[in-house]
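First up is the structure itself, then whatever we jot down about it.
The values are calculated or read from the model by the stated rules, or taken from the named source; none is laboratory data. What you are looking at is a predicted structure, and each value in this text was computed from that prediction instead of being measured. Quick reminder, even Gly has a Cβ in these numbers, built from the backbone with ideal geometry, and neighbours come from all protein chains shown.
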C-alpha cells in the first residue's frame, strides 16, 4: 500500500494531517497495556487483529516503550501519555499528552482520560496554541477506564478500546478496536482477543 508511506513524510507533532479521500482509513486502537506489570508482552492475537491497519493509536498507560516498537512492526504508532507513563515514555516522540489528527475532514483526539466537560478551563487548556479550529473533535479515542466504550454525545464519537491485557482490571486477553474512517462515515468495531 503505497499511500501508507506518504502518511508520515510530514514530521510528527501533536497535530498531524492525513488525506485519504475516497479510501477508508483503518486505525487499530488499544489502551492500558501495562506491560510488563500485567503481562510480559502484547498478546500475539493483536497481529491478526491489526492486519492491514494504516495506523495504530495507543491511548496510554503503555509503561514500556518497547510496546510501541512492537506495534510499529505492524503500522505507524502514535500514543497518548497515560497517568502511569513515566520516564522513558516522556522522551519518546510518539507519545504526547494529546494528539490532534485531521483525517478526511474528521478531527480526532487521542488522549488518555476522557474529557467530560468540553467548556471547562482544563479542557480548553489542552487545545494547543494555533489549533483553535480543532478545539472540538468529531472523535475522541481514550483509555484509562479499562473498559470498552462506544458512545455518541451530540456529534462526538467517544471510543475506548478497553485493554488487550487488563480488561476490567482482570489479567488475560482483552479487547482492541478498529476505527474505519472516510469522508462519509466513521465506524468502530471492538474485537475480543
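General observations
- Test: residue in the range 81-95 that is closer than 17 Å to residue 162 by Cα, surrounded by 14 or more Cβ atoms within 10 Å (Cβ to Cβ) and either at pLDDT 95 or above or touching a helix residue (DSSP H, G or I) at 6+ places or on another chain (Cβ under 9 Å) (or both): yes
- Of residues in the range 166-182 being touching a strand residue (DSSP E or B) at 6+ places or on another chain (Cβ under 8 Å) and farther than 20 Å from residue 142 by Cβ, the one surrounded by the most Cβ atoms within 10 Å (Cβ to Cβ): 182
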